[in-house]
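Asks: Can you read through this structure? Questions will come right after.
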Ligand SMILES: NC(=O)c1ccc[n+]([C@@H]2O[C@H](COP(=O)([O-])OP(=O)(O)OC[C@H]3O[C@@H](n4cnc5c(N)ncnc54)[C@H](O)[C@@H]3O)[C@@H](O)[C@H]2O)c1
């Protein structure tokens, strides 16, 4: 397919614009991180795409001493080309490390640590349920022990961010939508998603208690449905599945009745939120990071993808419904997911800015230049 117009830009330009936008919005936070060492565990995944690239792009602006970024990953979901392409960056170090093992002896002194090492795509975490629990519980524990050891050695971390999830709320009851951080959840402890939801819940409990008992600067982010550049086309979450259909020139296959709704938060907005939680979040606190814009149903999402793709690339497909061959595909799938973000907004100055249609168009342009990815 050929794009019908040159605007707004190519995949490369989208990424460059996003990184510039993130750096500008995080001038205070990146300023504080200047000259410091940042460890991102699980940095080769979707969120890693901008978590890793944003500080490296900020370094290139010369606004402060470089942030030294280290990525640990076990590459369970593959080693993506984008991270291979960054291997020569003087401020990036890549290490093969499985977080369910103790920290490497020669890890050195990190000032900031981000735990993003957990498979987030339901298809894949259900394929690796025990690995998922281990990463969120045992892997987290090793990192917390590292933070404690650093404090005892007189080198306390300035920030430690654990990635939880909106899934810790399970399928919220109607009166708890939109959902604030104080909602306790409606979650199955044995269903097909429990390996993820429950290990995140326990991970939060670990974080809160380490923060309190040992006075460690630990914070927690609860992401709500991020999408956009970095979410590889083979990920099996809903938008990449739709994009894959579009760019293969076939009908979009919807595997639900189209009714479940989500609030989709463009990745550049979310990344701004995550670094804010890391750098200026309150110790031991959890923050919803997402958007409180209107909820979008899966049917609306599919229709909007069709509209944009037909306008930009002359896509002529339509939306068809099918039942997934995976019997657990929709089991315990929340009907609605929508955050209250007042806490992040008032405490951290977090404000999502990218509207859904704009973000979706940016995402599809990114997919148009990123049609190949490892199927892992
Ligand atoms: N993307 C979202 O919208 C979203 C929503 C809620 C929560 N989260 C959370 O944010 C974090 C990052 O999500 P993502 O979308 O980037 O996930 P992802 O699945 O795209 O990437 C996870 C990364 O962690 C690595 N990893 C997994 N297990 C590991 C281990 N034991 N040791 C080292 N590396 C390991 C994988 O190889 C991969 O590079 C996860 O904790 C996830 O649960 C994301």
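The values are calculated or read from the model by the stated rules, or taken from the named source; none is laboratory data. This one's a predicted model, so the numbers in the text were calculated from it and none came from an experiment. Neighbour counts are summed over all protein chains in view; Cβ atoms, including those assigned to glycine, are modelled from backbone coordinates with ideal geometry.
Yes/no per residue for (1) surrounded by fewer than 17 Cβ atoms within 10 Å (Cβ to Cβ); (2) within 12 Å of the ligand (Cβ to nearest atom):
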{"site": "144", "(1), (2)": "no, no"}
{"site": "213", "(1), (2)": "yes, no"}
{"site": "221", "(1), (2)": "no, yes"}
{"site": "237", "(1), (2)": "no, yes"}
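Asks: Quick one: residue 249 ticks every box in (1) out of contact with any strand residue (DSSP E or B) (no Cβ under 8 Å at 6 or more places or on another chain); (2) in a helix (DSSP H, G or I); (3) closer than 25 Å to residue 9 by Cα bar one, so which box is it?
Replies: Answer for residue 249: the failing condition is (2).
Asks: For the subset of the stretch 279-299 comprising residues that are modelled with pLDDT under 95 and part of a helix (DSSP H, G or I), which member is farthest from the ligand (Cβ to nearest atom)?
Replies: Once the filter is applied, the top-ranked residue is 299.
Asks: What pairs come out if I take residues in the stretch 176-197 that are over 21 Å from residue 295 (Cα atoms) and pair them with residues that are away from the ligand (no atom under 16 Å from the Cβ) and assigned to a loop (DSSP other than H, G, I, E, B) whose C-beta lies under 8 Å away, six or more apart or interchain?
Replies: Matching pairs, first to second residue: 191/331; 192/328; 192/331; 193/331; 194/188; 197/188.
Asks: Taking the stretch 105-130 on its own, how many of its residues are closer than 18 Å to residue 160 by Cβ and away from the ligand (no atom under 12 Å from the Cβ)?
Replies: Taking the stretch 105-130 first, the residues closer than 18 Å to residue 160 by Cβ are 107-118.
Now drop any that are not away from the ligand (no atom under 12 Å from the Cβ), which leaves 107-113.
Qualifying residue count, the stretch 105-130: 7.
Asks: Which one is nearest to the ligand (Cβ to nearest atom) among residues in the stretch 146-167 that are over 19 Å from residue 273 (Cα atoms) and touching a residue at least 40 places away in the same chain (Cβ under 8 Å)? Steps first, answer last, please.
Replies: First pass over the stretch 146-167, keeping only residues over 19 Å from residue 273 (Cα atoms): 146-157.
Now restrict to residues that are touching a residue at least 40 places away in the same chain (Cβ under 8 Å): 146-148, 150-151, 155-157.
Numbers: 146: 14, 147: 17, 148: 20, 150: 20, 151: 23, 155: 23, 156: 24, 157: 18 Å.
Among them, the one singled out is 146.
Asks: Next up: Kindly provide the set of residues from the stretch 168-193 that are within 13 Å of the ligand (Cβ to nearest atom) and modelled with pLDDT of 95 or more, ordered by number.
Replies: Narrowing the stretch 168-193 to residues within 13 Å of the ligand (Cβ to nearest atom): 168-169, 193.
Matches in the stretch 168-193: 168, 169.
Asks: When you scan the stretch 255-273, how many residues do you find that are assigned to a strand (DSSP E or B), under 18 Å from residue 361 (Cα atoms) and at pLDDT below 95?
Replies: Qualifying residue count, the stretch 255-273: 1.
Asks: Can you name the condition, by its number, that residue 71 falls short on among (1) within 15 Å of the ligand (Cβ to nearest atom); (2) surrounded by fewer than 19 Cβ atoms within 10 Å (Cβ to Cβ)?
Replies: Failing condition for residue 71: (2).
Asks: Output the qualifying pairs, or none if there are none: Cβ atoms under 9 angstrom, residues six or more apart or on different chains, first residue in the stretch 215-226 and farther than 18 Å from residue 334 by Cβ and modelled with pLDDT of 95 or more, second residue outside any loop (DSSP other than H, G, I, E, B) and near the ligand (Cβ under 7 Å from one of its atoms).
Replies: From the stretch 215-226, the pairs are 220/163; 221/163.
Asks: Another question, then. In the list 276, 343, which residue meets the criterion of being over 21 Å from residue 228 (Cα atoms) and part of a helix (DSSP H, G or I)?
Replies: On the way: 276 fails: over 21 Å from residue 228 (Cα atoms).
Just one listed residue meets the conditions, 343.
Asks: Among the residues of the stretch 111-137, which ones are surrounded by fewer than 21 Cβ atoms within 10 Å (Cβ to Cβ), in a loop (DSSP other than H, G, I, E, B) and modelled with pLDDT of 95 or more?
Replies: 111
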